[in-house]
Amino acid sequence: MVRQRPVLSGGLRAVLDRHAQASQFEHEAWAEAMLRLANVNAGPGALLAAFRVCALIPARPGALARSAAALAAATDVCRAAGAHAVRAVLDARADLAQRFTALPDGDEAAWWRGMVRIAREAPTCIDAAAGTSGRIVATCGTGNFEAFVAAGLRAVADPARRLAFFALEDPEARRVLDRLSGQITFSTMQRRLSAYAAALWGQAPPMREAAVVGEGSPERRTTISSGIVRVPDVFRTVPPGRVPALYRATVAHATAHLALGEPRFDPAKLKPVQIVLVGLIEDARIEALAMRRFPGLFHLWAPFHTAEPSTLKTVPILLERLARALFDPAYEDHDGLVSKGRTLFRAEADLSDPGLSRRIGSLLGNDIGQMRIQFNAKLHVVDPVYRDDNLGLWTLPPPPPDAAVEQLDLAVESARIERETTPDGETPDRNDPEPELDDSLGLARAVKPDDRGVVVAHYSEWDAGAGLERPDWTTIREVEPTPASTHALDAALARDPGLRMRVERLVRAARVGRPTRLRRQPDGLDLDLDAAIDAAKALRTGEIPDERIHERKVMRTRDLAVLVLIDVSESTRDLVPAAGVSIIDIEKCAVAVLAEAMDALGDMCALRAFSSDGREDVRVTRVKDFDQRFDQVARARLSGLQPQLSTRIGAALRHAGAELDPRAATRRIVIALTDGAPSDIDVPNPTDLVDDARRAVLSLRSRGIDVFGITLDPSDQGSGADVFGRTNHMPVRRIEDLPSRLSELYFRVARR
């Protein structure tokens, strides 16, 4: 072959000279692998790249045979993605030669397996993956390269986004790399940080992971919006040993704003640098109040104030020095602006007045304006690193919940700077470095909901392949119900009046509530100690004792909240031959019978229907709320449910739990009514959604919410028991028996 292509002779000679000591068996295995690569039309460029890779492998026993395995993987890449792709992969392998030399052979095999998988499942991404594989390996190690590939192929279905993922241009790729590299992330510490915040202020606000920003963007700070604290998932510029303390400092500062802050400021008539200074003064005020209550917070925050006196006169440096001067009484800085800020702050007698932040910030902002120092508001990042971005201090419209969250611009971007004439009729200096902002600039423009529904929540989801939980991964969209005539539903219920009576008796018999203790009873299982003592005293004094010395506990009130999840995926359209109606029609009948009985007894009951079309489109329909009656309106909504889309039950369960969390009831119960295993269009392996649903069930139970499942599974071969557990799962083998089985389950779970 080489005689027919003289251009290859130099590469072949380099390999043979390099591995001259290899055995004949190794040479034969290597030659066969090279011939297979040539026979899939890899082309001379790819063959030369293969020669170069083999020539770079150290001449050790067995090295040439192991290179034959790499050539076999390259052949698979060529078959799946073409000659150009395999050349790019081989060039990438040559660039990694020095790294692979010092690593076990299994690590190189994992790298090749990842490349082959990309070539087979996403051939358009192979060039991008080859170009970035060096950075991926340097960040998370060769052994994790295969896990990175699996996460990318599973997480992203859109071709353009998938290409961006493997090119490391998608923020999600950065998130996966951080976790695979062993970084300490907010997700891994979230539970401890919530407990820490609760210990400080008595309760922990909702805390979420902030969206990842792209490479080259300024590092993001914590954001406070609508009572929710969004914390960066990783601080890349901070040494790993200081990250846990940084997260505690971050949460302590953000929650201090929520616990001690006042109503927000109006940014009108303020310049960008003044807005930044108002936020800095407000940070100092809040921290001073917090340290009065918890002096130890000083030692938590102090290590992150590292500014020192300097001759440089830039706005960021002056702001860092001012922040330290207001925080640390022992810090000495003789700069005029820093000294003035400290003097004005110390002169304030009442730190509980939030107005001081605006007064001092406005004055210092004017001083910086007179100094003619340029200030770029869009590139400004708050320092020290543990402080939030201060966007929550201003009266700005909140960003739409389904907007893609990138690096947020400073709050001044959404406030128009108004320039007024001075009392003497002059306008401000035209050389003032602070530009006016156009009204078209806005931080959070409202967006109209699309026809898929209004976004109401985001929830995490377990990625079994990557072994991590992806925060804010699924999007819940609330879809308006479509009422329909109730004639068919009413007729179905009227055909079996005995069923309604049986269900009502079962529901009535399930007494769930707070027990009432009845004292001084003539009989009972327990003694009433006070009555028993009184009886003993009467006996001692020769009086006739009262025989009512027992106590009993009775259930006089019903106190429970039940949320029924109704699966309305496309598979519920199937007909039930024995009944002559569809599965969804039987579901409606069963839910109506149960809701009717609960409504008559005054039990809190909510009905939700769900379906999904990918992780960004999990649709939930409100059929009935807890405080609504099961009246004609609710019946019409139930009648109007139509089968559609797929079954992403884990997200629906998390949303049901979020709705039950604020309900004060003795028992809080979710009953999921579904026709089979979880599935969705963007998850090729259905068992992944089974694992996620099981974790959702366990999460709800840890919060005191019971979850039970009824699956329309005649063969009892589905995943219901895996998701809900054997004791909390009831398979319905004859679908027409669903109404009575649903009420039996309700009776069973309510009596626990």
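The values are calculated or read from the model by the stated rules, or taken from the named source; none is laboratory data. Bear in mind that the values here come from a model prediction, so they are computed numbers and not experimental data. Glycine also receives a Cβ, built like all others from the backbone with ideal geometry; neighbour counts cover every protein chain displayed. To get the accessible areas, we keep the full protein, side chains included, count just its heavy atoms, and leave off ligands, DNA and RNA. Shrake-Rupley method; radii C 1.70, N 1.55, O 1.52, S 1.80 Å.
Output the peptides 49-56, 543-550, 285-292, 306-313 sorted from most to least packed, where packing is the average of other Cβ atoms within 10 Å over each peptide's residues.
Ranked from most to least packed, the peptides come out as 49-56, 285-292, 543-550, 306-313.
Leaving ligands, DNA and RNA out of it, work out the accessible area of ASP692 with a 1.4 Å probe and give it in Å² to the nearest 10.
0 Å²
How long, wide and thick is the stretch 248-332, going by the Cα atoms along their three principal axes, in whole angstroms, largest first?
Per principal axis, max minus min of the Cα coordinates gives 34, 33, 19 Å.
Ratio of Rg to Rh for the stretch 565-646, alpha carbon only, Kirkwood?
Rounded to two decimals, Rg/Rh equals 1.00.
Using only alpha carbon pairs under 8 Å that are at least six residues apart, calculate the relative contact order of the stretch 3-85 and give it in whole percent.
For the stretch 3-85, the relative contact order is 41 percent.
Normalised by the number of residues in the stretch 291-339, what is the relative contact order in percent for Cα pairs under 8 Å and 6+ residues apart?
Relative contact order here is 31 percent.
Take the alpha carbon gyration tensor of the stretch 102-198, find the square roots of its eigenvalues, order them as a ≥ b ≥ c, and report rounded if a/c is under 1.5; if not, report prolate when a/b exceeds b/c, else oblate.
Oblate is the answer for the stretch 102-198, as a/c is 1.5 or above yet b/c matches or exceeds a/b.
Determine the sum of side-chain charges near PRO522: Lys and Arg each +1, Asp and Glu each -1, restricted to other residues whose C-beta is under 15 angstrom from that of PRO522.
Taking every other residue near PRO522 into account, the sum is -3.
Using every alpha carbon pair in the stretch 515-626, what percent of pairs falls into each 10 Å bin from 0 up to the bin containing the largest distance?
For the stretch 515-626, the binned pair fractions read 12, 24, 17, 12, 12, 12, 7, 3, 0 percent.
Would the stretch 136-184 count as rounded, prolate or oblate if I go by the C-alpha gyration tensor, calling it rounded below 1.5 in a/c and otherwise prolate when a/b exceeds b/c, oblate otherwise?
prolate
Roll a 1.4 Å probe over the protein heavy atoms and report the accessible area of VAL381 in Å², nearest 10.
Its accessible surface works out to 40 Å², give or take rounding.
Is the C-alpha gyration tensor of the stretch 186-306 telling us rounded, prolate or oblate? Criteria: a/c under 1.5 is rounded; beyond that, a/b larger than b/c is prolate, otherwise oblate.
Note, shape of the stretch 186-306 comes out rounded.
Gain in length, ARG703 to GLU469, computed as 0.36 nm per residue apart minus the alpha-carbon separation, to one decimal in nm?
Length difference between fully extended and current span is 82.4 nm.
How large, in percent, is the carbon and sulfur part of the accessible surface of the stretch 556-673 at a probe radius of 1.4 Å?
Solvent-exposed carbon and sulfur of the stretch 556-673 make up 48 percent of the total.
Expressed as a whole percentage, what fraction of the accessible surface of the stretch 1-56 belongs to carbon and sulfur atoms when a 1.4 Å probe is rolled over the protein heavy atoms?
Here carbon and sulfur together make up 53 percent of the probe-accessible area.
Could you tally the net charge around GLY10, taking each other residue with its Cβ under 15 Å from the Cβ of GLY10, Lys/Arg +1 and Asp/Glu -1?
+4
May I ask for the Kirkwood hydrodynamic radius of the stretch 277-377, worked out over all distinct Cα pairs and given in angstroms to one decimal?
Across the stretch 277-377, the inverse of the average 1/r is 14.0 Å.
What are the ³J(HN,Hα) values, in whole Hz, obtained from phi via the Karplus relation 6.51 cos²θ - 1.76 cosθ + 1.60 with θ = phi - 60°, for each residue of the stretch 76-87 in sequence order, with x given for Gly and Pro?
Couplings: 5, 4, 5, 4, 7, 10, x, 5, 4, 5, 5, 5 Hz.
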